[in-house]
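Asker: Can you keep this structure in mind? I'll have questions shortly.
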Amino acid sequence: MENLIALLVAAPLVGAALLLCGGKRLDRTGHWIGTLFAAASFAVGVALFADMLGRSADHRALHQHLFSWIPVGGFRADVAFQLDQLSMTFVLLITGVGSLIHVYSIGYMEHDERRRRFFGYLNLFLAAMLLLVLADNYLLLYVGWEGVGLASYLLIGFWQHKPSAATAAKKAFLVNRVGDMGLSIAIMLMFTTFGTFAFGPVLASTGATSEGKLTAIGLMLLLAACGKSAQVPLQSWLGDAMEGPTPVSALIHAATMVTAGVYLITRSGAIFNAAPDAQTAVVAVGAVTLLFGAIVGCAKDDIKKALAGSTMSQIGYMILAAGLGPIGYAFAIMHLVTHGFFKAGLFLGAGSVMHGMNDEVDMRRYGGLRKYMPITFITFGLGYLAIIGFPGLSGFFSKDKIIEAAFAKGGTEGWILGGAALLGAAITAFYMTRVMLMTFFGEERWRNAPTPSPDRPSAEPAAGTGGEYTPPHPHESPKVMTLPMVVLAIGSVFAGGLFSLNEAFVKWLEPVTSFAHGHSPVSATTVTAATTVVLFLGVGVAWLMYGRRPVPSLAPRGSLLTRAARRDLLQDDFNHIVFVRGGGHLTTTLVQLDHTLVDGAVNGTAASMGGLSGLLRQLQSGFVRSYAVQMLGGAAVLVAATLLMRGV
Amino acid sequence: MNPVYYLYLAALLFTIGAAGVLIRRNAIVVFMCIELMLNACNLAFVTFSRLHGNLDGQIIAFFTMVVAAAEVVVGLAIIVTIFRTRHTASVDDASLMKL
C-alpha cells in the first residue's frame, strides 16, 4: 500500500506538466485533464484512508523511501514520504476540496482564454501542497513549502494584465520569503543540532537537547508559519492576494495553503512542547491575529477582503490552539478541516455572487440577492452559520473546543487567551452577519447607478454604454459551480458533529500529536453557553447596524478605528515606514559607507602605491653609468652577504 | 711562483675595469673596460683551476670567452649605430629610456 503514496503527489504533478507543456492543442480539454488528475489523487487518498482505517492505531503510519536526493558524507537528504494520521487528514482535505474547486473552476473560468494554464497551476499547487504534508523530513517539506509559494504567486498574479494583481502577487511572494527564511534557518539549526532533519529522529531527540536551541528552532518555525499562514506580523499579503481568481482564494488562500503554518507547528509539536517560551510566542501570535483579522474583516466592503480578514482570524484560532500544546493540537487540526469546508464554501459562494454581478466585489453594490441566487444563498448561509459557530454546525464544535482549551491553559494567561478567543467569536459573528446582510438582504442597491467618488474609479460609467448605467442581471451560477458549493455546505454542516462524535477526531490524531485533556477553570457547559451568548450578541449588533437600517451605497467616513481597519489597521503604512523607508535609509547609509570606507581603503591603497612608485621611479635616471653603480653595489652586497653567512 | 699572485692580478684588473665602466663616458672605452673585467674573471677562473687541480675553471673560462665574443659583436654594432645617428659615443647622452 505504501507504494501508492508517491502516486498522490505524482498525479497532479503529471497533470501540471501536461497542461503547462501541452500547448494550445489542450486548450479545449485542459480543464477536464486537470480535474481528472486532481480527482485521481483524491481517489488514491481515499483508498489509502480506507487501508489505514483497517489497521490498528499504532500501525497506521506508512513510509515510502523513493530515492536518496543528496547523499554527501554525513549529510543525507532523502525523497521519502510519511503518511500518518495527520498527513492523511491533510491529504483528504487538499485533494477533496481541491477536486471540488477544480470542478467549480470549470464553470468560473469558462470565458478565460488562459483556462488551461489556470488548471496547470492549480495542479501544480496540489502537487506541491501534497509534497509539503507527505514529506518525512524538513528539507523535502521545504521543497513543497516553496512550491506552494510559487503556485500561490502564479495564481494571485494570474490576471497579470491588471497592475494590482501583478503587485499583489509580488507582495505575497516577498512577504512569504521572510517566513521562508525562518524555515530555512530552522532547518539549518536542526541539522547542526541533531545532525539530521528527518521527522522521526529530530522529534524523538528533543528531550536530550538544550531548551535554548529548541526555543530558537521553535521561533524560526513560528516565523515560517507566520509568513505562510498570514499571521501578525507577516499578515499583510493575504488581503491583497484576493486579486487572484476566486477559486484560488478559496483553495489556496482559505482552505489549504494558508493552513500550512498550522501543519508545521503541529508536526513540530515535540519541539514546541519542550520550548515553553516558543509556545508562548505562538499563542501570542495566534491571539493577536485572531482579533486583528476579525477587526479588519468588520471594515472591509470588498466581499473577498472581508472573507480574507476572516480567514486570517480563523487561522489565528488554529495557531492559538496549536500553541497550547497537547491540549490543543487535535482541535487546531479539527478547526482547520471544518474551516477548510466552510471557508472554501463561502469563497465559492462569493465567487458565484461575483459571477452573477459582473465581477462586482463591493458589498455596498449588492443587496437582496437571495431571490436571484437561491442555491448560492442557501450554501453561503450554511457556511455562514458554520463559521460563526451556530450550535450544531461544524464551526460550533471546533471553535468551542479551542476556546475551552484556551481557558484550560490556566492562570492569567488562560483567562486572557480565553477572553480573546471569546471576543473573537463575537466579532466573527458580527462581521459575517454584516457580509450576509449586505449581500443577500436589504434593498437592491445594484439597481441604481453607483455614486462616483474619488475612492472608486470603477464607479465611472463604462465606455461604450454611452454613460448610461445598465444594472447587472443577477442570476444563479451553472450546475458545475453550484454542485461543489452544495458538497462543501454539507461538509460545513456535518463535519464538526461527525468529528466530535465520541471524540473520534481526537482519537484518530492522538498517536501523532498526543492529547491531554485540559483542566479548564470554567466548565465546558459554561464556555459553550458563553460562546452562544456572544454569538447572538454579535449577530444582534450586526442586525441593528446593517439589517434594520438601510446600508448606504457609499461607505460613510466612519470612526478612526473603522478607517484604520479599512486600511488593514495600517499594516501597510507600518511596513512602509519601518521597512521600506527604514530599508531605504539603511541602504543609503551603506552606500555612503561603501563610498567612504571601502572605496576609500581601495583608492587609498592605489594612491599610496602610486606615490611610492613615483619615488622609486626616480632611481631610473636613464644614465647607464648610474645603473652600473647600482649593479656593482648590488653585487658587492651579495658577495658581502655570502661571506657573512659563511662566517656565521 | 705562488698562484695566489694571479688572483691579486685578477682583482686589480677587475677593479680597473669596474672603475673604467663607472668613470669613462666614451662607449668604446666602457666596452673595453667590460672586456677587461671579463678577462679578470677568466684569469681568476684559470687560477682556481690550477689551485684545485681540476679543469672546471678552464671550461668556464672558455664559456666566458664565447659569450664575450658574441657580446662584442652585438655591442659594437649597437655602438656604431648610436654613433651614426647621434654623432657621439657618449653613454650619458643616450638617456632616452628614463621617464
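Bear in mind these aren't lab numbers, they're just calculated from the coordinates by the rules spelled out. No experiment lies behind these values; they were computed from the predicted model shown. In this analysis, Cβ positions are derived from the backbone assuming ideal geometry, glycine residues included, and neighbour counts consider all displayed protein chains.
Asker: May I ask you to sort A:Asp277, A:Asp573, A:Asp58 by Cβ crowding, counting other Cβ atoms within 10 Å and putting the fewest first?
Answerer: So the ranking, lowest neighbour count to highest, is A:Asp58, A:Asp573, A:Asp277.
Asker: Classify the range B:25-86 as rounded, prolate or oblate, taking a ≥ b ≥ c as the square roots of the eigenvalues of its Cα gyration tensor: rounded when a/c is under 1.5, otherwise prolate if a/b is larger than b/c and oblate if not.
Answerer: Numbers: a/c = 8.31, a/b = 2.71, b/c = 3.06.
Taking the square roots of the gyration eigenvalues as a ≥ b ≥ c, the range B:25-86 is oblate.
Asker: At 222 nm, what value in deg cm²/dmol follows for chain A if DSSP H runs of at least 4 each add -39500 (n - 2.57) and the sum is divided by all its residues, to the nearest 500?
Answerer: For chain A, the value works out to -22500 deg cm²/dmol.
Asker: Could you quote the convex hull projected area for the protein assembly as shown, Cα atoms only and averaged over all directions, in nm²?
Answerer: Here the figure is 55.4 nm², rounded to one decimal.
Asker: Could you give each residue of the range B:6-15 its phi-based ³J(HN,Hα) in whole Hz, using Karplus coefficients 6.51, -1.76, 1.60 with θ = phi - 60°, and x for Gly or Pro?
Answerer: 4, 5, 4, 4, 4, 4, 4, 4, 4, 4
Asker: Please give the direction-averaged projected area of the C-alpha convex hull for the range A:1-136, in square nanometres with one decimal.
Answerer: 9.0
Asker: Can you list which of the trypsin sites (Lys or Arg not before Pro) found in the range B:5-99 are DSSP loop residues with at most 15 other C-beta atoms within 10 Å?
Answerer: On the way: sites: B:Arg24, B:Arg25, B:Arg50, B:Arg84, B:Arg86, B:Lys98; in loops: B:Arg24, B:Arg25, B:Lys98.
Here the sparse-neighbourhood loop sites are B:Arg25, B:Lys98.
Asker: Which value, in debye to the nearest 20, describes the size of the charge dipole of chain A about its Cα centre when Lys and Arg Cβ atoms bear +1, Asp and Glu Cβ atoms bear -1, and nothing else is charged?
Answerer: 840
Asker: Of the cross-linked pairs A:Lys170/A:Lys300; A:Lys304/A:Lys399; A:Lys228/A:Lys305; A:Lys399/A:Lys479, which ones have a Cα-Cα span greater than 20 Å in the structure shown? Let's see the in-between values first.
Answerer: Numbers: A:Lys170/A:Lys300 22 Å; A:Lys304/A:Lys399 22 Å; A:Lys228/A:Lys305 17 Å; A:Lys399/A:Lys479 32 Å.
A:Lys170/A:Lys300; A:Lys304/A:Lys399; A:Lys399/A:Lys479, as the Cα separations exceed 20 Å there.
Asker: If the reach is capped at under 17 angstrom between alpha carbons, list the lysines near A:Lys507, excluding any in the same chain fewer than eight residues apart.
Answerer: Within reach: A:Lys401.
Asker: Here's something else I'd like to know. Show me the GluC sites (Glu not before Pro) within the range A:109-156 that DSSP assigns to loop and that have at most 11 other Cβ atoms within 10 Å of their Cβ.
Answerer: Filter output for the range A:109-156: A:Glu113.
Asker: Follow-up. Within chain A, what is the longest stretch that has no trypsin sites (Lys or Arg not before Pro) placed in a DSSP loop and near at most 10 other beta-carbon atoms within 10 Å?
Answerer: Here the longest segment lacking exposed loop sites spans A:29-547.
Asker: Another one. Considering only C-alpha atoms, what is the centroid distance from the range B:43-64 to the range A:511-566, in Å?
Answerer: So the separation of the two Cα centres works out to 113 Å.
Asker: Please order A:Ile33, B:Ile23, A:Ile333 by the number of other Cβ within 10 Å, starting at the fewest.
Answerer: Fewest-to-most ranking of A:Ile33, B:Ile23, A:Ile333: B:Ile23, A:Ile33, A:Ile333.
Asker: Let me ask another. Among A:Asp136, A:Asp27, rank each residue by its count of other Cβ atoms within 10 Å, from fewest to most, as a rough exposure measure.
Answerer: Listing A:Asp136, A:Asp27 from fewest to most nearby Cβ atoms yields A:Asp27, A:Asp136.
Asker: Which GluC sites (Glu not before Pro) from the range A:365-446 combine a DSSP loop assignment with at most 13 other Cβ atoms within 10 Å?
Answerer: Hits after loop and neighbour filter: A:Glu443.
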